[in-house]
Amino acid sequence: MPRIRVITFDLDNTLWDVHQVIGNAERAMRSYLRQHAPEVMGLFERGEAAAIRDRLLRERPEITHNLSVLRETVVFEALLTTGMAERRAVAVASRAFQTFLDARHDVIYFDHALTTLEMLSGTYTMGALSNGNADTATLGLDRYLTFSFSAEAVGASKPAPAMFHAALAHTAVQPHEAIHVGDHLVDDIAGAAGVGMHTIWVNMRGHELEGDVKPSAEVAGLDELMEAIRAIEGL
């Protein structure tokens, strides 16, 4: 019987609805810009900010996995395009991004998310593996999650193995002693399975399995996680 020692969690769309969160954060940032730099709003409305983002990704591929730097730099470059002085553009972009980031951490957890994390934390070492820029300490999740790795920290986004290897090295466990929990079949399930970890697919929307990806277990809600973990431990 395998002894599971470590459980890692994806964050966005696993513990909360990221589309709602990012939508609210975008609106908060644009509200700030509308008040402090209204001349830039046309660039966002016409899609020119998206073109700036694409250009930055071509010119500075090193920031591909750093969503915070990428977003703030897009705003900075957009402000420069309007003719704003560089020094003021730096300050406005910084405050606009902080407004975004504050709202980005105003999340509404899925049902049973926090109670399940609390219950599991008494038995397992747990951490977060995320391609996004949510901070577990800011969210207060460090009560349950003792480590966190992001795409920015390891220089690669899931499903690349770097983040999973980082978690295994940090906790000094073998892949068969760890479970990764996530909503994305490729980034989470295929990625974690590729390094030998067990996987639990959080499938709240009832999607069908695609391709050859086969999670170790599947749950429709976070209240089913304990049962799924016990099933994996009983394999």
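Read-outs throughout are calculated quantities, based only on the coordinates presented, and are distinct from any laboratory measurement. Source: prediction; values computed, not measured. With ideal geometry, Cβ positions are generated from the backbone for all residues, glycine too; neighbour counts draw on all protein chains shown.
Normalised by the number of residues in the chain, the average gap of Cα pairs under 8 Å and 6 or more apart makes the relative contact order 25 percent.
In this structure, Thr81 and Asp17 have a Cβ-Cβ separation that, at R0 = 25 Å, corresponds to a calculated FRET efficiency of about 0.15.
Taking a sphere under 12 Å around the Cβ of Asp10 and counting the other residues whose Cβ falls inside, with K and R at +1 and D and E at -1, yields a net charge of -3.
Applying 1/(1 + (r/R0)^6) with r as the Cβ-Cβ distance of Glu62 and His165 and R0 = 22 angstrom yields a FRET efficiency of 0.60. Per residue, the convex hull around the alpha carbon atoms of the chain comes to 130 Å³. Globularity index of the range 19-104 is 1.01 (Cα radius of gyration / 2.2 N^0.38 Å, N = number of residues).
The residues neighbouring Leu139, those whose beta-carbon lies less than 11 Å from its own, together hold a net charge of -1 under the Lys/Arg +1, Asp/Glu -1 convention. Treating the angle as unsigned and between 0 and 90°, give the value, to the nearest 10°, between the Cα long axis of helix 67-81 and the longest Cα principal axis of the chain. Relative to the chain, helix 67-81 is tipped by roughly 10 degrees. Take the alpha-carbon centre of the range 7-74, take the same for the range 118-179, and report the distance between them in whole Å. With the range 7-74 and the range 118-179 each reduced to a Cα centre, they are spaced 24 Å. Relative to the longest principal axis of the Cα atoms of the chain, the long axis of helix 18-36 lies at roughly 20 degrees. With helices as the sole contributors, the chain gives -13500 deg cm²/dmol at 222 nm; each DSSP H run of n ≥ 4 counts as -39500 (n - 2.57), and the sum is divided by every residue.
3J(HN,Hα) along the range 168-175: 5, 5, 4, 9, 6, 10, 7, x Hz, from the Karplus curve 6.51 cos²θ - 1.76 cosθ + 1.60 with θ = phi - 60°, whole Hz, x for Gly and Pro. Each semi-axis of the equivalent ellipsoid for the range 148-235 is √(5λ) with λ an eigenvalue of the Cα gyration tensor; in descending order they amount to 21, 16, 11 Å.
Note on the range 115-155: semi-axes of the ellipsoid equivalent to its C-alpha gyration tensor, largest first and rounded to whole Å, are 20, 11, 7. In this simple spin-label approximation, Thr146 and Val69 carry label points 7 Å from Cα along the Cα→Cβ vector, and these lie 3.1 nm apart.
So if we plug the beta-carbon distance of Ala153 and Gln174 into 1/(1 + (r/R0)^6) with R0 = 22 Å, what FRET efficiency do we get, rounded to 0.05? According to the calculation, E is roughly 0.50. Counting only alpha carbon atoms, the long axis of helix 48-59 and the longest principal axis of the chain meet at about 70°. If the segment from Glu208 to Arg88 were pulled out straight at 0.36 nm per residue, it would be longer than the present Cα-Cα gap by 38.2 nm. Peptides 210-221, 172-183 ordered by packing proxy, namely the average of other Cβ atoms within 10 Å per residue, highest first: 172-183, 210-221. Placing +1 on each Lys and Arg Cβ and -1 on each Asp and Glu Cβ, with no other charges, gives the range 19-104 a dipole about its Cα centre of roughly 140 debye. Across the range 113-235, the mean sequence separation of Cα contacts (distance under 8 Å, 6 or more residues apart), normalised by length, yields a relative contact order of 18 percent. Among the DSSP beta bridges whose two residues both lie in the chain, what percent are antiparallel, rounded to the nearest 5? The antiparallel proportion sits near 5 percent. Here the label points at His105 and Val186, each 7 Å from Cα along the C-beta direction, are separated by 3.1 nm in the simple model. Charging the Cβ of each Asp and Glu at -1 and of each Lys and Arg at +1, and nothing else, the dipole of the chain about its Cα centre rounds to 700 debye.
Count charges around Gly206 for me, please; just the other residues with Cβ under 15 Å from its Cβ, Lys/Arg as +1, Asp/Glu as -1.
Summing Lys/Arg as +1 and Asp/Glu as -1 gives -4.
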